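Have a look at the structure below, then the notes.
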Amino acid sequence: MSTSAKSVRFDDFTMWVDLSDGRTLGVPLAWFPRLLHAAAEQRTDCEIGRYGLHWEAIDEDISIIHPAIKH
């Protein structure tokens, strides 16, 4: 089992990613200059894939991979 993104949203300073395991991550937009400087419409045009997030118009990809830990 691995954790993946279910949805993504933004406020003025933060990208919020809801994960399949119920957690929500808040990440400063300053960490991703392309997203920080993108228009709101470009930010919302996000493709959520199995391994992360992709924004075609601004050429940005963010991986979200958390493999299960096997004991």
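As a length-normalised measure over Cα pairs under 8 Å and 6 or more apart, the relative contact order of the chain settles at 31 percent.
Multiplying the residue separation of Trp16 and Ala30 by 0.36 nm and removing their Cα-Cα distance gives an extension gain of 3.7 nm. Per residue, the chain exposes 71 Å² of solvent-accessible protein surface, assessed with a 1.4 angstrom probe and all protein chains in place. Each residue, Lys6 and Asp45, gets one label point 7 Å from its Cα in the Cβ direction; the gap between the two is 2.7 nm. Here is the P(r) of the chain: all C-alpha pair distances, binned every 10 Å from 0, give 20, 54, 21, 5, 0 in whole percents. Per atom type, the chain shows carbon and sulfur on 54% of its accessible surface, probed at 1.4 Å. Amide H to amide H, with H built 1.01 Å from N, Ser4 comes under 5 Å of Ser20, Asp21, counting only residues 5 or more places away or on other chains.
The values are calculated or read from the model by the stated rules, or taken from the named source; none is laboratory data. Given the structure is predicted, the values throughout are model-derived calculations rather than measurements. So basically every Cβ, Gly included, is an ideal-geometry build from the backbone, and we count neighbours across all protein chains shown. Accessible surface areas use protein heavy atoms only, side chains included; no ligands, DNA or RNA. Shrake-Rupley method; radii C 1.70, N 1.55, O 1.52, S 1.80 Å.
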